[in-house]
Amino acid sequence: MTVRRIALFDLDNTLTDHTTAFTLWATEFSGSTGVPVPWLMKAEERHDGARHHKPDPELFRLALDELQAHAGAGAAMVGDCLATDVEGGLRAGLHTVWVAGERARLPPDPMPTRTVQTVVEAADWLRTAVLSPARAPALTA
């Protein structure tokens, strides 16, 4: 069985200028790999009007539901904030990639699956990573 790979990206203009560069990159990345690349905005709104904010795991679950996907093997959250992107991704049972730049992780910060310096490095890693469900434990909500 082929695992469907999903990448959720935090796009609040801290990782990249998503209005231009990311859109071009996402189109190329998706076309060359077959990996759908959806993105989360800072506050998604459900169809019933309920609002969810990171790190609420429901926000990530809603995004996965939209893609008819589930957490575990092949699903990852990429972001630059340990407290919202990584913590929320972990709570939802996703692999997490922290775009750290020059920052260091300190206890008690959550432990991402992978730490990278740039969003391009994150994408390169996701393209080749073998993501097993055991490496993405869900935390209690």
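The values are calculated or read from the model by the stated rules, or taken from the named source; none is laboratory data. Just so you know, these numbers come straight off a predicted model, no measurement behind them. As a convention, Cβ positions derive from the backbone with ideal geometry for all residues, glycine included, and neighbour counts pool all protein chains shown.
GLU44 meets all of the listed conditions (1) modelled with pLDDT under 65; (2) loosely packed, with under 11 Cβ neighbours inside 10 Å but one, namely (2). With respect to (1) polar (S, T, N, Q); (2) modelled with pLDDT of 90 or more; (3) more than 13 Å from the chain's Cα centre (by Cα), the lone exception for THR96 is condition (3). Within this structure, ALA100 fails the test of being touching a Phe, Trp or Tyr at 6+ places or on another chain (Cβ under 6 Å), in contact (Cβ under 8 Å) with a residue 12 or more places away in the chain and more than 17 Å from VAL130 (Cα to Cα).
Starting from residues that are part of a helix (DSSP H, G or I) and exposed (fewer than 13 other Cβ atoms within 10 Å of the Cβ), keep the ones in region 125-141 and report whichever is modelled with the lowest pLDDT. Going through the qualifying residues, I end up with ALA134. Looking across region 66-81, the residues that are at pLDDT below 85 and either out of contact with any helix residue (DSSP H, G or I) (no Cβ under 7 Å at 6 or more places or on another chain) or among the acidic types (Asp, Glu) (or both) come down to GLU66, LEU67, GLN68, ALA69, GLY74.
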